[in-house]
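Below is one structure, written out as structure tokens; comments come after it.
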Amino acid sequence: MPAESRLLQLELLRCPRCLGRIASAGTFCCSSCSTTFPTLAGVPWLFPDPAAALGEWRARTHGFLAALESQATHYRNALTDDVTRAATRNRLKLLAAACTDHARRLRALLAPLLDDAPAAAPELYSALGATLPAGQGLTGYYANLHRDWCWGEAENEAAFRLVDDALGQAPPGRTLLLGVGAGRLAYDLHCRRNPSTLVAADINPLFLLAASRLYAGETLELYEFPIAPRDVASHAILRRLQAPAPAGPGLHLVYADVTRAPFAEGAFDTVITPWLIDVLDDDLPVFARRVNRWLRPGGRWVNSGSLSFSSNDPARRYALEEVRELVAESGFEAPTPTEAAVPYLCSPASRHGRTESVVTFAATKIAEVERPAPARRGPEWLARADVPVPLLPPLQRRQLEVRVIAFVAGLVDGRRSVQDIAAVLVERRMMTAEEAVPAVHGFLRRLHDESTADRGPSPPL
Ligand SMILES: C[S@@+](CC[C@H](N)C(=O)[O-])C[C@H]1O[C@@H](n2cnc3c(N)ncnc32)[C@H](O)[C@@H]1O
């Protein structure tokens, strides 16, 4: 093991806020703008606004844990005396107990993130949370943990082979792996390709808190809730997650948003992006230029994964031919992608599993490109918490809707019928009598359906 890889080399990093150099004397700090970056269980938290990112992930985690508790209650409430079949009772009891225990285990795993911060009322999280795309939530790719560390080797080996083949014989050198997820590919590359250093980044604390413990040789016990369980017992399975052996020095995890990333330009020989380019908010040509900037001249970008771009803008949902051209236009030699069918998320406990046709390429950097601007999440008043929020027409409309919802829901007092509530709307000249009864009826039906809906064992965030 080369000595350079034992410690995370600070020259590989830059401040994600101002691109200043990072210094570390226990804590990580920008020597230019003085932003201090905390660590979570020893892993640096390198977001441009570290405090805001901590607050956001904490709120998301508290909201998720609260939703998990209410899911457990939902299963318990379903276990009425009317349910007499033993198998059904066992299934509901299993799910209720597993949700409660799952919340307990996740709370313990995520303790470095929560840091005893008090949780708000669950209603606040369900009303104000859930604004992020599912893919950026705490458990968007949760099954990856089980696939990476306990379902057996088939999928992990297939993923490694694709990247290994694309790397070819040349040593990967200083390597940056983006979107490390639950961490198995980074672990396999570290053990089997011996990069001189491997920096592995992700935005999601659940993954990095789990991966850092698994890399250290610990065993984790976490529930799997398969999509299509094979039998009663496989509705909730307590799995043991473990790496084949501790990872050894030189594999460094960092928290980072790769669209506003804390990496030094020209610092890496290899950048690897497994199953990432199509889930990012960044438009591919922008992200390709970021990758270019982190590589030294002659360095290589290895990408492997699906091309299921899901941008709201149809022009950005690129096909294979477009990807090839966009990469070539971003300072890389035109790549020759390969396609291979691999198993994807085939849990042994589930009847559900897919085959994916995965696209892999290695692209060599042949030219410098202009540095793209860091990604901005929406307009100024969304990107910055201290700027007044303009009262735009869609927000005005929403305000009115929310008031109406609050008003009608507030009329429910345990005594009024649908007709009585509709009569109040008519009296206040909000609606005609013909429309008011069906409208109130529909509204209350929706509320009722939402409150009794089975949202599945993984609360959406
Ligand atoms: C589809 S998963 C792939 C995970 C892993 N590469 C694998 O192949 O199993 C995408 C990963 O990218 C991470 N991710 C998404 N957006 C990101 C961003 N802006 N910065 C860093 N990581 C991000 C997610 O947290 C998730 O771990």
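For the range 334-441, compute Rh as the Kirkwood radius over C-alpha pairs and then the Stokes-Einstein diffusion coefficient at 4 °C and 1.567 mPa s; write the answer in µm²/s, rounded to an integer.
61
Taking K and R as +1 and D and E as -1, what net charge do the other residues with C-beta under 13 Å from the C-beta of GLU370 add up to?
Local net charge: +1.
Tell me which cysteines of the chain come out unpaired when the rule is another cysteine's Cβ under 4.7 Å.
Those would be CYS29, CYS99, CYS150, CYS191, CYS346, since no other cysteine Cβ in the chain comes under 4.7 Å of theirs.
Across the Cα atoms of the chain, what radius of gyration and what greatest pairwise Cα-Cα distance (Dmax) are found, in Å?
In Å, with Rg to one decimal and Dmax whole: 25.0, 81.
Between ARG384 and ARG104, what length comes free when the chain is fully extended (0.36 nm per residue of separation minus the Cα-Cα distance, one decimal in nm)?
Length gained between ARG384 and ARG104: 97.4 nm.
In square nanometres, what is one fourth of the surface area of the convex hull spanned by the alpha carbons of the range 27-153?
Hull-based average projected area comes out at 11.2 nm².
Mean separation of Cα pairs under 8 Å and 6+ residues apart, divided by the residue count of the chain: what relative contact order is that in percent?
16
Once you sort the root eigenvalues of the Cα gyration tensor of the range 268-357 as a ≥ b ≥ c, which label holds: rounded (a/c under 1.5), prolate (a/b larger than b/c) or oblate (the other case)?
prolate
If you filter the range 298-396 for trypsin sites (Lys or Arg not before Pro), then keep DSSP loop positions with at most 13 other Cβ within 10 Å, what is left?
Listed in order of number, the matching sites are ARG351, ARG376, ARG377, ARG384.
Show me 444-450, 172-178 ranked by packing, highest mean number of other Cβ atoms within 10 Å first.
Ranking the peptides 444-450, 172-178 by packing returns 172-178, 444-450.
Counting other Cβ atoms within 10 Å, keep those with at most 16, restrict to DSSP loop, and tell me which GluC sites (Glu not before Pro) in the range 149-228 are left.
Within the range 149-228, the qualifying GluC sites (Glu not before Pro) (loop, at most 16 other Cβ atoms within 10 Å) are GLU153, GLU218.
Over what distance in Å are the Cα centres of the range 350-415 and the range 322-337 separated?
A separation of 29 Å, based on Cα centres.
Over the chain, what is the percentage of antiparallel beta bridges among all DSSP beta bridges, to the nearest 5?
So the antiparallel bridges amount to about 60 percent of the total.
Does a label point 7 Å from the Cα of ARG193, set along Cα-to-beta-carbon, have any residues of the range 150-174 with amide nitrogen under 14 Å, and which are they?
Taking a point 7 Å out along Cα→Cβ of ARG193, the residues of the range 150-174 whose backbone N falls under 14 Å are 157-174.
Checking the a/c ratio against 1.5 first, then a/b against b/c, what shape does the Cα gyration tensor give for the range 150-241?
Since a/c reaches 1.5 and a/b is larger than b/c, the shape of the range 150-241 is classed as prolate.
Can you tell me the 0 to 90 degree angle between the C-alpha axis of helix 393-410 and the longest principal axis of the chain, rounded to 10?
40
Which GluC sites (Glu not before Pro) from the range 240-341 combine a DSSP loop assignment with at most 16 other Cβ atoms within 10 Å?
GLU265, GLU329, GLU333
Let me make sure I get this right: for the range 392-451, a, b and c are the square roots of the gyration tensor eigenvalues over alpha carbons, sorted descending. Under 1.5 in a/c it's rounded, otherwise prolate if a/b > b/c, else oblate. Which is it?
Oblate shape, in that a/c is at least 1.5 and b/c is the bigger or equal ratio.
Positive end of the dipole of the chain, charges at C-beta (+1 Lys, Arg; -1 Asp, Glu), about the Cα centre: which of SER451, VAL254, ALA117 has its Cα farthest in that direction?
The residue sitting most towards the positive pole is ALA117.
None of the figures in this text is laboratory data; all of them are computed from the coordinates on show. In this text the structure is predicted, and so the values were computed from the model without any measurement. Ideal geometry is used to build each Cβ from the backbone, glycine not excepted, and the neighbour counts take in all protein chains shown.
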